[in-house]
Amino acid sequence: MSASPPLHVPVLLDEVLHWIDPRPGQTIVDGTLGGGGHTRALAERVGSAGRIIALDRDPAALAAAEVNLAGMPVAIAQADFCDLGEVLAELAIDQVDAVLLDIGLSSDQLADPARGFSFESDGPLDLRFDATTGEPAWRLLERMGADELADLIYGFGEERFSRRIARRIVECRPATPIRTARELAALVRRCVPRSRDSERIDPATRTFQALRIAVNHELQSLARALERIPNFLIPGGRLAVISFHSLEDRPVKEAFRDNACLRPLTKKPVIAGATEIARNPRARSAKLRVAEKIIAPRQA
Ligand SMILES: C[S@@+](CC[C@H](N)C(=O)[O-])C[C@H]1O[C@@H](n2cnc3c(N)ncnc32)[C@H](O)[C@@H]1O
């Protein structure tokens, strides 16, 4: 079977390898397989005596990786990273040397017009990582009241014009319900005034982010993962998390500070340098934080 090579370019790869410091024979979890870039680099480091356990919610990412990473010491499973405990139990593994989470969306998902992640796509506005469970974003736009929708767009997108956007969606939907990403992006652009900011990022960005977070329950998964994953690290094991916006970075920072079993290793988040950003603009907003599992829990 063949699969196209992944479009996704892993961000902060050198930095991830520096902080996780994978060694031959280790067992490491990549909780967000995506295009497999981080998984591949980690697998090369742990070698055939080690193992990478790579998870993703997206069946398409798993299917491509089965082909692209064939022959490497990688065990691939469809799972939410917050359910790592169940995956490890199935593999009869108690603890691992490190866990990497590179949260959010891959370039391969963005490029697939059938999934609605790209603002210009004419496919259904779905936005789920796993389209076999939950509800697509277009249905959420169809059933929610204006206030509930506005709260969602504000809460998960920090969009100042959330009320205006939600009202317009609800007013328009009896005659022209939103079914595609292109339709939603056009509506949002009509509601958000042009500002200096909008020259840099599309005005639809925050609304799409909010809907994606909602349909995938992303912040709930992250909160659960931050609570549970330290239990599955060996003493001295490392948890590395790459986030792309403040709603993700804040809970990571707080969990690393407040969990008595963890010691933050990165005082400030590690960010990409100019060369990486020039090569991969997606790296612009990436923030990497790393913590170490400590042997004796800190006293409160
Ligand atoms: C930014 S991409 C990862 C890219 C990957 N590090 C690489 O080098 O190609 C994020 C991936 O995480 C997956 N994902 C997002 N939330 C997840 C979760 N809670 N559990 C498992 N996978 C998740 C997405 O489906 C997506 O494929």
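FYI, it's all coordinate maths here, none of it is from the lab. Treat the numbers as computed from the prediction; the structure is a model and nothing was measured. Please note: Cβ atoms are built from the backbone with ideal geometry, for glycine as well, and neighbour counts cover all protein chains shown.
Below, the figures for the structure above:
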item	result
Residues of region 129-166 satisfying the condition of being more than 24 Å from Ser221 (Cβ to Cβ) and in contact with a Leu (Cβ under 9 Å, 6 or more places away or on another chain)	Ile165, Ala166
Sole exception among (1) over 26 Å from Ala111 (Cβ atoms); (2) of a type in the set (A, V, I, L, M); (3) crowded, with 20+ Cβ neighbours inside 10 Å for Val74, by number	(1)
Single residue of Ser106, Ser48 found to be crowded, with 23+ Cβ neighbours inside 10 Å and not aliphatic (A, V, I, L, M)	Ser106
Neighbours by Cβ (under 6 Å, 6+ apart or cross-chain): first from region 44-61, touching a residue at least 40 places away in the same chain (Cβ under 8 Å); second aliphatic (A, V, I, L, M)	Ile53/Val29; Ile53/Ala75; Asp56/Leu33; Asp56/Leu62; Ala61/Leu33
Any hit, region 189-201, residues being within 16 Å of the ligand (Cβ to nearest atom) and surrounded by 19 or more Cβ atoms within 10 Å (Cβ to Cβ)	no
Residue match in region 257-264 (condition: within 15 Å of the ligand (Cβ to nearest atom), more than 28 Å from Asp151 (Cβ to Cβ) and of a type in the set (A, V, I, L, M, F, W, C))	no
Strands (runs of 3 or more DSSP E) enclosed by region 10-128 - at least 1 residues per element that are within 9 Å of the ligand (Cβ to nearest atom) and under 21 Å from Ile234 (Cα atoms)	27-30, 51-56, 96-102
Options Arg179, Arg224, Arg212; residue that is under 13 Å from Leu125 (Cα atoms) and within 13 Å of the ligand (Cβ to nearest atom)	Arg212
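So that you can scan it fast, the table gives a plain yes or no per residue for (1) surrounded by 19 or more Cβ atoms within 10 Å (Cβ to Cβ); (2) farther than 30 Å from Arg115 by Cβ; (3) of a type in the set (D, E, K, R):
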{"residue": "Asn216", "(1), (2), (3)": "yes, no, no"}
{"residue": "Ile234", "(1), (2), (3)": "no, yes, no"}
{"residue": "Arg238", "(1), (2), (3)": "yes, yes, yes"}
{"residue": "Arg289", "(1), (2), (3)": "yes, no, yes"}
